[in-house]
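See structure below.
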Amino acid sequence: MAHVLLIEDDEPIRTSLAAALARLGHRVDSADTAVAGIGLAVQHHADIVVLDLGLPDLDGLQALKMLRAATTVPVVIATARDDEHQMVRALNLGADDYVIKPFSVEHLNARITAVLRRTAPAPPSVPLRVGGLRIDQGAHTVSLDGAELVLRPKEFSLLAYLAEHAGRVVGKDELRSAVWDNAFGVTDKTVDVHLSWLRRRLGETAAQPRYLHSVRGVGVKLAAPAA
Ligand code: CA
């Protein structure tokens, strides 16, 4: 369950929504103006904000902009107006979802749950290990036998992709599309050059490979050296 901040000026709506969300197990803070709500959002670190776009003190989109400038908290906007233009602007300003009044608390709760699921931080990735190589994609670090290696971004992506498929020969076409966002204009030669740089970083040569094994005409394989 979540810590929800409800910014809504309509007293009966605010009170009943807050009570209903609390019954569903959420912890609820509420505010009746944009300024008070933004203040609470900054101080109390809510998990999610439900922001009414029709508030007395600030234009709703202005309030959303200020909220976005002050915090990264997910925002579900609530509006009485079925105004597509307004919705699109709100989503472009960083709102995560919206509900149109009148809505049921079950509907709002479903949106809150979906937004929280979508915006939850990715769990820390488990580092990939191949022999003495340790590749941490979350921290973007590589070490070999405990010593950190400094790789350029493409070298890192190449190594990480090969490590995800360790023991399998990966073709250059596959590497091209996995590692280069826009593979157009990336030739086999480009891949070869990056592989040779990577080989140098790993302290080995094509003639005497330890981890990176080229299979002529097929591709390349990352594998732990035989013990
Ligand atoms: Ca209102």
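The values are calculated or read from the model by the stated rules, or taken from the named source; none is laboratory data. Treat the numbers as computed from the prediction; the structure is a model and nothing was measured. Using ideal geometry, Cβ is built from the backbone for each residue, glycine included, and neighbour counts are taken over all protein chains shown.
Cβ-Cβ distances below 7 Å connect the following pairs, each with a first residue in segment 82-104 that is under 23 Å from P12 (Cα atoms), a second residue that is outside any helix (DSSP H, G or I) and hydroxyl-bearing (S, T, Y), and a separation of six or more residues or different chains: Y98/T79; I100/T79; K101/T79.
Taking the criterion of being within 14 Å of the ligand (Cβ to nearest atom), surrounded by 14 or more Cβ atoms within 10 Å (Cβ to Cβ) and free of Cβ contacts under 8 Å to residues at least 24 places away in the same chain, the only residue of segment 14-25 that qualifies is R14. Step by step: first the residues of segment 1-13, then only those that are closer than 21 Å to A120 by Cβ and in contact (Cβ under 8 Å) with a residue 60 or more places away in the chain, then the one that is farthest from the ligand (Cβ to nearest atom). Which residue is that? Only one residue tops the list, namely A2. I77 passes every criterion in (1) within 18 Å of D59 (Cβ to Cβ); (2) exposed (fewer than 14 other Cβ atoms within 10 Å of the Cβ) apart from (2). Filtered by the rule that a residue be under 30 Å from Y211 (Cβ atoms) and more than 21 Å from the chain's Cα centre (by Cα), segment 90-135 gives R129, V130, G131, G132, L133, R134.
Can you report the number of residues in segment 26-78 which are within 15 Å of the ligand (Cβ to nearest atom) and of a type in the set (D, E, K, R)?
Result for segment 26-78: 4.
For segment 80-107, the set of residues classified as in a loop (DSSP other than H, G, I, E, B), surrounded by fewer than 14 Cβ atoms within 10 Å (Cβ to Cβ) and more than 16 Å from the ligand (Cβ to nearest atom) consists of S104 only. One residue is enough: does segment 117-125 have a residue meeting the conditions surrounded by 12 or more Cβ atoms within 10 Å (Cβ to Cβ), closer than 30 Å to A78 by Cβ and of a type outside the set (D, E)? The answer is yes, given that some residue of segment 117-125 is surrounded by 12 or more Cβ atoms within 10 Å (Cβ to Cβ), closer than 30 Å to A78 by Cβ and of a type outside the set (D, E). Taken over segment 9-64, the residue count meeting the criterion of being in a strand (DSSP E or B) and on the phi > 0 side of the Ramachandran plot is 0. Taken together, A160, A166 contain a single residue that is crowded, with 17+ Cβ neighbours inside 10 Å and within 21 Å of the chain's Cα centre (by Cα), which is A160.
Please tell me if L144 is touching a residue at least 60 places away in the same chain (Cβ under 8 Å), of a type in the set (A, V, I, L, M) and not assigned by TED's automatic domain parsing to the domain that holds V99.
Taking the combined requirement at face value, the residue does not satisfy it.
Against the numbered list (1) in contact with a helix residue (DSSP H, G or I) (Cβ under 6 Å, 6 or more places away or on another chain); (2) outside the structural domain of L158 (by TED's automatic domain parsing), D59 comes up short only at (1). Looking only at residues in segment 184-199 that are among the hydroxyl-bearing types (S, T, Y) and more than 16 Å from L162 (Cα to Cα), the one that is surrounded by the fewest Cβ atoms within 10 Å (Cβ to Cβ) is T187. Just need a number here: residues in segment 3-13 that are surrounded by fewer than 18 Cβ atoms within 10 Å (Cβ to Cβ) and either of a type outside the set (V, I, T) or within 26 Å of the chain's Cα centre (by Cα) (or both). Selection size over segment 3-13: 5. Need the failing condition index for G94 against (1) within 30 Å of R199 (Cβ to Cβ); (2) in the same structural domain as D47 (by TED's automatic domain parsing), just the number. Looking at each condition in turn, G94 falls short on (1).
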